[in-house]
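Colleague: Sharing a structure, written as structure tokens. Questions coming.
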Amino acid sequence: MTPEQYVQQKAVASGSSFYYAFLFLPAPRRAAITAFYAFCREVDDVVDEVSDAGVAHTKLAWWKAEVGRCLAGQPTHPVTQALLPHLQAYGIEARHLNAVIDGCQMDLEQTRYLDFPGLQRYCHLVAGVVGEVAARIFGQTDERTTAYAHTLGLAFQLTNIIRDVGEDAMRGRIYLPVNELQQFDVKAHEILKREYSERFTALMRFQAERAHRLYDEALRMLPDADRRAQKPGLMMANIYRTLLREIEHENFQVLHQRIRLTPLRKFWLAWKVQALGRMS
């Protein structure tokens with residue numbers, strides 16, 4: 001299996017909404033974003049799939065060293081081998097790749113966030129920087145597009161947090177800020193025990209409203225000059241925001257299940273942006 005086949009397989013197997021936006025890109029950009037996305041998945045899987053924290057720390061340290069080897073032109077992993085040809089073309093730097101690793105490192109060291117600014121720092125590493133790199137690969141020409149990409153990445157990550165509250169709790173992590181749990185009188189043990197309540201629903205509605213504000217803010221921030229090039233990001237926004245609305249429609253029943261969109265619906269939502277320039 002070639003490095004290119006490896007990262008393609010990684011992207012398809014993830015079932016991520018991001019994959020559907022990649023389909024409409026020209027081949028060189030599609031190859032670059034697929035390799036970068038596979039890198040993010042490999043690093044994220046260390047935290048999600050390795051139960052021993054010591055082993056996970058060792059693996060993340062290996063990835064940090066691998067980033068150094070990759071930047072020196074000597075990658076050893078199929079993902080970094082696939083990524084290497086695209087680093088210079090799209091301005092992908094060591095700080096971008098290391099930020100993704102640092103965000104996953106936070107997952108090993110921190111399972112609660114006292115307030116939203118603390119959570120934002122985590123989201124910056126695991127989503128904002130990812131958005132920044134993606135915007136470069138998609139064809140960014142305006143510096144202001146970076147701020148749009150970071151804001152949209154934050155909206156995506158908050159949507160993921162809302163969707164995955166139950167799954168994350170099973171791993172011992174609650175990303176909802178502690179002071180907001182207190183504000184709505186929701187106890188951590190209620191989430192861990194998958195106990196629904198009107199208080200929990202109100203807390204989740206508060207989180208969803210924040211995410212919607214960020215989607216609106218990001219769309220206002222996107223410069224007209226880059227609107228066409230950033231269509232893949234708008235496709236992802238259409239998919240993720242539709243998912244958020246679906247979660248709202250299901251009254252935030254996220255503790256015992258993961259609410260999903262079907263692959264066909266994701267493709268349709270992406271195609272609408274590509275063909276019609278329209279979001280749902």
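The values are calculated or read from the model by the stated rules, or taken from the named source; none is laboratory data. Small disclaimer: the values here were computed from a predicted structure and weren't measured. Cβ coordinates were reconstructed from backbone atoms using ideal geometry, including for glycine residues, and neighbour counts include every protein chain displayed. Ligands, DNA and RNA are excluded from the accessible area calculation, which covers all protein heavy atoms including side chains. Shrake-Rupley method; radii C 1.70, N 1.55, O 1.52, S 1.80 Å.
Colleague: Within the stretch 146-158, can one find any residue that is assigned to a loop (DSSP other than H, G, I, E, B) and surrounded by fewer than 20 Cβ atoms within 10 Å (Cβ to Cβ)?
Modeller: Checking the stretch 146-158: not a single residue is assigned to a loop (DSSP other than H, G, I, E, B) and surrounded by fewer than 20 Cβ atoms within 10 Å (Cβ to Cβ).
Colleague: Does ARG213 meet the test of being within 30 Å of LYS187 (Cα to Cα), of a type in the set (Lys, Arg) and open to solvent by 60 Å² or more (accessible area, probe 1.4 Å)?
Modeller: Yes: the conditions hold for ARG213.
Colleague: Residues of the stretch 233-270 being of a type outside the set (A, V, I, L, M, F, W, C), under 24 Å from LEU23 (Cα atoms) and touching a residue at least 40 places away in the same chain (Cβ under 8 Å), which ones?
Modeller: Of everything in the stretch 233-270, those that are of a type outside the set (A, V, I, L, M, F, W, C), under 24 Å from LEU23 (Cα atoms) and touching a residue at least 40 places away in the same chain (Cβ under 8 Å) turn out to be GLY233, ASN238, TYR240, ARG241, PRO263, LYS266.
Colleague: Just the residues that are hydrophobic (A, V, I, L, M, F, W, C) and within 19 Å of ALA11 (Cβ to Cβ), please, taken from the stretch 48-72.
Modeller: Correct list: TRP63, CYS70.
Colleague: Which one of these is at pLDDT 95 or above and buried (at least 16 other Cβ atoms within 10 Å of the Cβ): HIS124, HIS96?
Modeller: Result of the check over HIS124, HIS96: HIS96.
Colleague: Could you look through the stretch 216-232, keep only residues that are without any contact (Cβ under 8 Å) to a residue 12 or more places away in the chain and part of a helix (DSSP H, G or I), and pick out the one that is surrounded by the most Cβ atoms within 10 Å (Cβ to Cβ)?
Modeller: Checking each candidate, the answer is ASP216.
Colleague: For HIS77, which of the numbered conditions (1) over 21 Å from CYS104 (Cα atoms); (2) touching a residue at least 12 places away in the same chain (Cβ under 8 Å) fails to hold?
Modeller: Answer for HIS77: the failing condition is (1).
Colleague: Among the residues of the stretch 17-29, write down those that are under 16 Å from VAL79 (Cβ atoms), in contact (Cβ under 8 Å) with a residue 24 or more places away in the chain and open to solvent by 10 Å² or more (accessible area, probe 1.4 Å).
Modeller: If the condition is that a residue be under 16 Å from VAL79 (Cβ atoms), in contact (Cβ under 8 Å) with a residue 24 or more places away in the chain and open to solvent by 10 Å² or more (accessible area, probe 1.4 Å), then PHE18 is the only one that fits.
Colleague: For the stretch 170-186, which positions are closer than 25 Å to ASP52 by Cβ and surrounded by fewer than 21 Cβ atoms within 10 Å (Cβ to Cβ)?
Modeller: Scanning the stretch 170-186 gives MET170, ARG171, GLY172, ARG173, ILE174.
Colleague: If we keep just the residues of the stretch 104-121 that are outside any loop (DSSP other than H, G, I, E, B) and charged (D, E, K, R), which is most open to solvent (accessible area, probe 1.4 Å)?
Modeller: ARG121
Colleague: Looking for whichever is closer than 29 Å to ASP52 by Cβ and touching a helix residue (DSSP H, G or I) at 6+ places or on another chain (Cβ under 8 Å) here; the options are LEU158, LEU214, LEU192. Which one fits?
Modeller: The conditions single out LEU192.
Colleague: Suppose we filter LYS59, LYS10 for residues that are of a type in the set (D, E, K, R) and either open to solvent by less than 40 Å² (accessible area, probe 1.4 Å) or under 19 Å from the mean Cα position of the chain (by Cα) (or both); which single one remains?
Modeller: None of the other options fit; the residue is LYS10.
Colleague: In the list ARG245, ARG260, which residue meets the criterion of being of a type in the set (Lys, Arg), open to solvent by 10 Å² or more (accessible area, probe 1.4 Å) and outside any loop (DSSP other than H, G, I, E, B)?
Modeller: Exactly one of ARG245, ARG260 is of a type in the set (Lys, Arg), open to solvent by 10 Å² or more (accessible area, probe 1.4 Å) and outside any loop (DSSP other than H, G, I, E, B), namely ARG245.
Colleague: Looking only at the stretch 1-29, count how many residues are at pLDDT below 85 and touching a Gly at 6+ places or on another chain (Cβ under 8 Å).
Modeller: Summing the residues that are at pLDDT below 85 and touching a Gly at 6+ places or on another chain (Cβ under 8 Å) in the stretch 1-29 gives 1.
Colleague: Give just the number: which of (1) farther than 27 Å from GLU143 by Cβ; (2) hydroxyl-bearing (Ser, Thr, Tyr); (3) open to solvent by 30 Å² or more (accessible area, probe 1.4 Å) does TYR90 not satisfy?
Modeller: The failed condition is (1).
Colleague: Still on this structure: For the stretch 30-54, enumerate the residues that are of a type in the set (A, V, I, L, M, F, W, C), modelled with pLDDT of 90 or more and open to solvent by 30 Å² or more (accessible area, probe 1.4 Å).
Modeller: Residue satisfying the conditions is ALA31 alone.
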